[in-house]
Amino acid sequence: LLMEMFRFRRRGWWSLLAAIFFVTMFSMTRERPWADATPIWELADSMANHGTIAIRTRWPGKLPLGSDGKVYATAPLLQGLIHVPGAFLQHRIRAVAPLHAHLAWRFTSHLGTAILGALTCVLFFGLCRRLGSRPLSAGLATVVLGLGTTLWVYARYPYSEVLQAACFTGFFGQLLRTRQDPSRRNGALFGLWAGLLVNAKYVYLVSVAAAALYLVWTLRGRWRVMLETAATAMLVALPLAAMILLYNHARWGSFTNAGYNLSSDV
């Protein structure tokens, strides 16, 4: 019986994810990546098809070159990684059907954000259920989130806001779960979501620090459990933190320079 319930629940999550993804894809704009999305998409294309993190377009225009004289995006690496599947698919379409590549670009550049918009809704539905909402209430709230807020807008554009929404929703849900059940497993998941959130946008380091202090406060008196949970979280988050430092060094020749102070226009 438990296995049947587990399979049903798993099918339910995948069905919800697929439904919201297809609604987003069919209702999306057909715009190509432009403005802030240009360096993000070019970063994905470079990683997927050219084996480099250098891009073609200087955005903003006054952005200095990297330490090796090449052009680099100021966006965090994760913002480009989410578009790698779409960029890879676009490259294959261009090779097989070049006449349709320009039209296909309108879809492939939106795959990553459409999936993340759907993932945000699935995470939000699960959060509502864990907080005690009935399935109908959680479902209605999820529909409002997915179609009645700016999440629907940003899930239809190749920008980074929907990535931030997905990571923050997952991070907040895991924060509550870790508070209720501190353990090595939940500590590892907390560290994973924390690392992804900071990689989505560096300013969220403040949110992660505040959440860590919140957990220390709520788990005070249970020092052994708290230390085990914290140690596991930091161990899992360490590679994601290292990714930020190495990406900084590869672009600007400094582990601590994220590129945002290189131009007053960034």
Candidate set from the stretch 221-252 (those that are closer than 19 Å to N186 by Cβ and among the hydroxyl-bearing types (S, T, Y)); member that is surrounded by the fewest Cβ atoms within 10 Å (Cβ to Cβ): T232
Spans of helices (runs of 4 or more DSSP H) in the stretch 130-192 with at least 1 residues open to solvent by less than 40 Å² (accessible area, probe 1.4 Å) and over 30 Å from V84 (Cβ atoms): 135-148, 161-180
Taking the stretch 82-110 on its own, how many of its residues are closer than 14 Å to D45 by Cβ and in contact (Cβ under 8 Å) with a residue 40 or more places away in the chain? 10
Of all residues making up the stretch 134-189, the number that are more than 25 Å from W34 (Cβ to Cβ) and among the polar types (S, T, N, Q): 8
Taking the stated definitions as given, is S67 modelled with pLDDT under 95, of a type in the set (S, T, N, Q) and open to solvent by 60 Å² or more (accessible area, probe 1.4 Å)? yes
Can you work out which of the residues in the stretch 88-129 that are among the β-branched types (V, I, T) and open to solvent by 80 Å² or more (accessible area, probe 1.4 Å) is nearest to A200 (Cα to Cα)? I115
Taking the stretch 194-216 and keeping only residues that are open to solvent by less than 50 Å² (accessible area, probe 1.4 Å) and under 18 Å from E228 (Cβ atoms), one is left with A194, A211, A212, L215
I20 meets each of (1) over 25 Å from V122 (Cα atoms); (2) touching a residue at least 40 places away in the same chain (Cβ under 8 Å) with one exception, condition (1)
Where the second residue is of a type in the set (F, W, Y) and the first is part of a helix (DSSP H, G or I) and lies in the stretch 237-262, which pairs have Cβ atoms under 6 Å and are six or more apart or on separate chains? L245/F255; N248/F255; H249/F255; R251/Y72
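The values are calculated or read from the model by the stated rules, or taken from the named source; none is laboratory data. Only a predicted model underlies this, so the values are computations on that prediction, with no experimental measurement involved. Note: ideal-geometry Cβ built from the backbone for every residue, glycine included; neighbour counts use all protein chains shown. Remember, those area values only see protein heavy atoms, side chains included, never the ligands or the DNA or RNA. Shrake-Rupley method; radii C 1.70, N 1.55, O 1.52, S 1.80 Å.
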